[in-house]
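The values are calculated or read from the model by the stated rules, or taken from the named source; none is laboratory data. Small disclaimer: the values here were computed from a predicted structure and weren't measured. Heads up, the Cβs are rebuilt from the backbone with ideal geometry, glycines too, and the neighbour counts pull from every protein chain shown. Calculation scope for accessible area: heavy atoms of the full protein, side chains included, ligands and nucleic acids excluded. Shrake-Rupley method; radii C 1.70, N 1.55, O 1.52, S 1.80 Å.
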Amino acid sequence: MARDITGPIPEDEFITAVAQVARVGWDQAQRATQATLASLADRIDAGEARHLAAALPDTIAPYLGTATAAQRFGLDEFLRRVAAREGVDLETARRHAEAVLIVLQRAVGPREFADLSAELPKDFAALLPQGPDIEVISTESFIQRVADRAATDADEGRRAIDAVLETLAMRIAGGEVDDLRARLPVEFHPALERGKELSGGKARRMTLDDFVRRVAEREGISLDRALEHVSAVLRTVREAVGEQEFLDVTSQLPAEYEALVRR
């Protein structure tokens, strides 16, 4: 998980990462995080729980709070507890728990996560993270990437993000807006919500020229400059949400948009 600052991962990055991996909305990801970490706290020693909590934000660390000895149960009971706490079935609980553990590993680091794994029985191996790391782009990094691509400063980068995301939310269906919202930092959610409200949740057909014109009007800039902003923001969105999710979100867009994003 690429990050630009040291210290515990911020809550919005942690929950956004869980949402991205589990392919769920923000609220569901938050419930999954609480259910998984609370069930994990039941299973591990209080000292290990404190070590893990120290690497997490203050709003998430309490989920690992425990003052009792570890309860020696296996994977099946762990998933049953996650499911009961989250209010989902066992299959969903497993998928959500896997996502939380992936993000937890990247948040606490390989050494601390190895200590955690050593406390768990062998049947947990199927649930523990495998495969490549995921990248979670922080708000600051997202803005800086847009600013760098558009050859501007952070303030103009923020305005570009706001204008482009609002327009994009008007252009795509409400369900795709919700998926995008779940995978982007919370600071960008208001722009998406405004666009969705303006379109009534229904994709509003517009050519690329119309899209760029709307962005230019919102920012008060030239069409050429707006085109650069649209490209910079959409390319950064693709990096933030992943190739498959970006394809799902933008599948409704004409081919002319594709050339802009890939350039």
- Query: Mind checking the angle between helix 139-149 and the chain's longest principal axis? C-alpha axes, 0 to 90 degrees, to the nearest 10.
  - Reply: 30
- Message: Can you give me the convex hull volume of the Cα atoms of region 99-172, divided per residue and expressed in Å³?
- Response: 133
- Note on the structure: Measuring from the longest principal axis of the C-alpha atoms of the chain, the long axis of helix 11-22 (C-alpha) lies at a number of degrees, nearest 10, equal to 90
- Semi-axis lengths, Å, region 56-130, gyration tensor of Cα atoms, sqrt of 5 times eigenvalues: 18, 15, 14
- Task: Quick one: accessible surface of Ser138, probe radius 1.4 Å, all protein chains present, in square angstrom to the nearest 10.
- Result: 10
- Could you tell me what percent of the accessible area of the chain is made up of carbon and sulfur, with a 1.4 Å probe and every protein chain present? 48
- Over all pairs of different Cα atoms in region 113-263, the reciprocal of the mean inverse distance gives a Kirkwood radius in Å of 16.4
- Sticking with the crude label model, points 7 Å out along Cα→Cβ, report the distance from Asp58 to Asp115 in nm, one decimal please. 2.3
- Note on the structure: Among region 164-184, those whose backbone N falls under 14 Å of a label point 7 Å along Cα→Cβ from Met206 are 164-173
- Message: Could you give the length gained by full extension between Glu217 and Val261, i.e. 0.36 nm per residue of separation minus their alpha carbon distance, to one decimal place?
- Response: 13.8 nm
- Efficiency of FRET from Cβ geometry, Asp89 and Arg50, R₀ 30 Å, rounded to 0.05: 0.40
- Task: Express the C-alpha Rg of the chain as a ratio against the empirical globular expectation 2.2 N^0.38 Å, rounded to two decimals.
- Result: 1.12
- Part-to-part distance (alpha-carbon centres) for region 184-212 and region 91-112, which is given in Å: 32
